[in-house]
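The values are calculated or read from the model by the stated rules, or taken from the named source; none is laboratory data. Note that the coordinates shown come from a computational prediction; the quantities given were computed from them, not determined experimentally. Heads up, the Cβs are rebuilt from the backbone with ideal geometry, glycines too, and the neighbour counts pull from every protein chain shown.
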Amino acid sequence: MWNGDANPVMEWAHVAPVRRAQIESLYSEALILIDEAQQMFAHAQVMNAGGYDPEFTVAVMSEVMLTTARLTHVQAWLLHRRAMIAEDPSARGDDRAVVLDGVTPADWAICHYMPEAMRRIVAASERLMERLHVMDSIWRETPMALPHVVPVHEMMDMLRARL
C-alpha cells in the first residue's frame, strides 16, 4: 500500500494521462449531480411548505443534506486528485481530502417514499461514491513497476546488429 511519503504521480507517470481522463470525467459527472441535488433541495423545501407529513419532510430534508454532503466529499476528493496529478506541492497523499471513509449511506427506508427523481439522485451519488472507493483502493495498491524503456540509440544499435 502506498504510504503517502512518495509522490504517486511520479511513481505512476506512465498512467497519469489515463488517471487524468478518469478524474476529469468523474468531475464533470459530479458537477451535474451537484446541480441536480441543488434542484432536489429546492423541491424538498417546497415539500416542506406543501402540507406533507412533518416527520417525513424532516426525513427527506435529512436525506437531501446527506446527499449534498456525499457529493461535496466526492468533489473534494476529485479536486484533490486533480491537484496531485498537476503536481501541486500542497496536495499530498496523506491529506484528509483523500480519505473517502465516514460518509453516511442513504436510508432507503425513507428514500423509497421520495419522488422518483430524488431517489435517482440519491442512488447516483451513492454509486459515484462506490466507484471512487474502488478507484481509490486500486490506486493505493503497491505502485506498478515502470516499463523498461529502451533509449532510441540502443534500439538503433540492436537494429544494426540484426542487419
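Residues in the stretch 79-120 that are assigned to a helix (DSSP H, G or I), under 16 Å from A59 (Cα atoms) and among the β-branched types (V, I, T): I110 only. Residues that are at pLDDT below 75, out of contact with any Asp or Glu (no Cβ under 9 Å at 6 or more places or on another chain) and surrounded by 11 or more Cβ atoms within 10 Å (Cβ to Cβ) within the stretch 90-106 comprise just one, A97.
Can A21 be described as at pLDDT 80 or above, among the small types (G, A, S) and loosely packed, with under 13 Cβ neighbours inside 10 Å? Answer is yes for this residue.
Screening R120, R131, R140, R81 for residues that are charged (D, E, K, R) and surrounded by 17 or more Cβ atoms within 10 Å (Cβ to Cβ) leaves exactly one candidate, R81. Candidates in the stretch 24-78 are the residues that are outside any helix (DSSP H, G or I) and either buried (at least 16 other Cβ atoms within 10 Å of the Cβ) or small (G, A, S) (or both); of these, the one that is nearest to the chain's Cα centre (by Cα) is G50. Residue count for the stretch 107-146 under the criterion of being among the charged types (D, E, K, R), within 16 Å of the chain's Cα centre (by Cα) and modelled with pLDDT of 90 or more: the result is 4.
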